[in-house]
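The values are calculated or read from the model by the stated rules, or taken from the named source; none is laboratory data. Owing to the predicted nature of the structure, the values given are computational and were not obtained by experimental measurement. Neighbour counts run over all protein chains shown; Cβ positions are idealised from the backbone, glycine included. Ligands, DNA and RNA are stripped out before the accessible areas are found, and what is left, the full protein with its side chains, is counted by its heavy atoms. Shrake-Rupley method; radii C 1.70, N 1.55, O 1.52, S 1.80 Å.
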Amino acid sequence: MFNFLKGVVGGSGGGQKDLPYNIGDPYPSAWSSWSHFRGTSKDDGSPVSIFSLSGSNPQDGRLAAGRNGVKRLRTVRHPNILSFLYSTEVETVDGSGTKVTIYIVTEPAMPLYEKIKELSLEGTQRDEYYAWGLHQIAKAVSFLNNDCKLVHGNVCLESVVVTQTLDWKLHAFDVLSEYDGTSGTATGPMLPYEWLVGSQYKSVELAKSNWVAIRKSPPWAIDSWGLGCLIYEIFSGMKLGKTEELRNTASIPKSLLPDYQRLLSSTPSRRLNASKLIENSEYFQNKLVDTIHFMEILSLKDSVEKDTFFRKLPNLTEQLPRQIVLKKLFPLLTSALEYGSATAPALTALLKIGSWLSAEEYTLKVLPTIIKLFASNDRAIRVALLQHIDQYGESLSAQAVDEQVYPHVATGFVDTSSILRELTLKSMLIMAPKLSQRNLSGSLLKYLSKLQVDEEPAIRTNTTILLGNIASYLNDGTRKRVLINAFTVRALRDTFSPARGAGVMALCATSSYYDTTEIATRILPNIVVLTIDPDSDVRSKVFQAVDQFMQILKQSNEKSNAGDTAHAGSLGLSSMPGNAGLLEWAMSSLTLKGKPLDQAPIAASNSVRPVTTTTAASSAVRVSSSSDFADAPAPPSPTLTDGWGEIENGVHEEQYSDKDGWDDIKPLEEPKPSSALANIQAAQKRPVSQPKPQATSLRSKSTVKAVATKDEDDDLWGSIAVPTPKIASKSLKVKTSGAVEDDDPWAAIAAPPPTTKAKPLSAGRGRGTKAAAPKLGAQRINRTSSSGMQ
């Protein structure tokens, strides 16, 4: 029989060294003769609790009861019963004889009495936590009594432990036995090991060993008395000394007092069932119990209930005990988000609770959940992640952003929702510094090229702002080709005035990357024509930019005259006093809060209102986004093959087009602009001749760097600064225009031809032909609009 019991508890071994766990420091208290130790697994170092019981006589009654407890703990499973992991029985021989030790390994836990002292809760928070703990123990007792027909026999303070998540769990099953109520005439003990129970914890009938009365009583009679003892001990703050102390109810909460008295009824049949205690007691109806209970059955709730709950949760967490929120509620919240049972507002609560953690805990507990959420297909989750990226973005590692986060975020650039496209764009301000050159130049710039022709004017504006802010992360070759063309050819020719203003400011903010030749031949000619822009805010920015760029040229000239030519060709705006303000403006416009999904797409234009400072300019923002674009054909839908092309960073991806996105740049097809703006645009489209020595120098540099197959690709971005005849049709008589340009290079600005676009179409209609001019017009519209004109 002894060998059989040894096999039940897990076999024998050679001592502590054979345990797969390391035994640590003991706790000050444990139930009965057991010792409670901290421990760790030898495999992975995970924490555990180790209980040991020793005896010198193999037939010792305490060892027999301990074996009963091991068997019961192994077979009885419930969320509120301590989880069993491992057990063994060890025999050791010393000088005086044989010593037998039983080891039980469970999930990590500590005695309830010690945990209460550690938490030091007071007032309402203490009562709420006690209510939650008693609620859990009452469920465990109800499970044993009502579902399993088992009697624990010794529910008290020492038989309860607290896990790392602050859950209360029942253990100490040495006395546990089946309820034998069917044998009404039996006189033997129903609880073979009842002698282990302290006299102060015994009910009246158990103290008298009246087994006949016990068998006639309901299954919960003995354990309901034990629940009463537990309630007294936790509220009085001391262990029960004798049974008479239970009559002292001064420390018992008034809402719990009636149930407390029914639990300790002198008549066993009248004692309150633990299940009724949970259902009827007013004491268990508080915020903490309701919140945790809702989270535990979250999968059973509908979407409306979930949404309402998670919107209230951030404020609710301020009112709950901080330790319980961090150790109990927070794990439930992260699990709900990872497995999809929580809605998007839960992310706000997650980040708020996460802000209470240390930097190490935040990295271990919050960031893994956030990284997993980026793979979610739920658009609301993706929007919430992007709206709050300023709270966690800096904590993400560069490797995680580049390999795990960015591939999922990049899908938002081509999303049909304008809100999601704009939020994705703004998130790049934080992600760009952590991207590799492959993703930065080979992927991100292609998406930004498409967003500069987005149908939403606010997105076009913010794209220019973003490009100015991330310019420092691009390599030199990429900056040379991208910046000037993006800011002048697209931004300065945009019909949305804040977009033109953003282009001017971006040029100023990135001036340190341009040499004097680029400033004189490519930047100033494009911005000077905007000094007569219809928008006063744009004009003021242009005059400031002209002054600053002229100052750069003057400084270059002075250094050149002084013989210092080392830095004469590359003077930037970094030395100019206004540069810091420009960068601050660009960044602040990018960190505006996102809009909810149910807003109309046109509302996105309001996100760039800080760009304009006058009332007239603000009105122009609204008009441009609502009326000016109402009748205009839709701009081309971005695709994965019309980006900025292969950048000179050593990355060549075959899935992208060989042509750079800036090669055939044309402004959006918009309704006929005002006469002043039409003159500006016409002047911008006329080429500006460069001095021949400088052109030769630029040509030699581009020949070394560029990889191209056509003559116009020898200088990839030069074709934008000086458009080649391939863009225009023969019917426009380019040769005649070229002759005029050779005679007077500035004639394009002084006297722009008023019919640059309209002449081919009107001429075709006048002749009644169908082959020449109408065909050219259709081809041109197809390149700039996905919808075309019918």
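What to note about this one:
- The orientation-averaged projected area of the convex hull spanned by the Cα atoms of region 97-164 comes to 7.0 nm².
- Prolate/oblate/rounded label for region 301-385 (Cα gyration tensor, a/c 1.5): oblate
- Carbon plus sulfur fraction of accessible area for region 78-235, probe 1.4 Å, in percent: 49
- Farthest toward positive dipole pole in region 125-167 [+1 Lys/Arg, -1 Asp/Glu at C-beta], among Cys148, His135, Ser159: Cys148
- Surrounding net charge for Asn80, when Lys and Arg each add one and Asp and Glu each subtract one, Cβ distance under 9 Å: +1
- Excluding ligands, DNA and RNA, the accessible surface per residue across region 390-470 is 27 Å² with a 1.4 Å probe.
- For region 291-344, relative contact order (Cα pairs under 8 Å, six or more residues apart, normalised by length) works out to 56 percent.
- Charge context of Gly340, other residues only, Cβ under 12 angstrom, K/R +1, D/E -1: 0
- Cβ crowding within 10 Å averaged over residues, with 254-264, 391-401 ranked highest first: 254-264, 391-401
- Accessible-area composition of region 417-485, carbon plus sulfur, in percent [1.4 Å probe]: 48
- For region 38-102, the calculated P(r) over all alpha carbon pairs, in 10 Å bins from 0 to the bin holding the longest distance, is 18, 42, 31, 9, 0 percent.
- Volume of the Cα convex hull of region 26-69, divided per residue and given in Å³: 96
- Estimated at the nearest 10 Å², the accessible area of Thr101 is 10 Å² with a 1.4 Å probe.
- Estimated FRET transfer efficiency (Asp18, Tyr473; beta-carbon r; R0 56 Å; 0.05): 0.45
- Spacing of the modelled spin labels on Ser417 and Thr75, each 7 Å from Cα toward Cβ, amounts to 5.4 nm.
- Using alpha carbons only, the radius of gyration of region 213-293 set against its Kirkwood radius gives Rg/Rh = 0.99.
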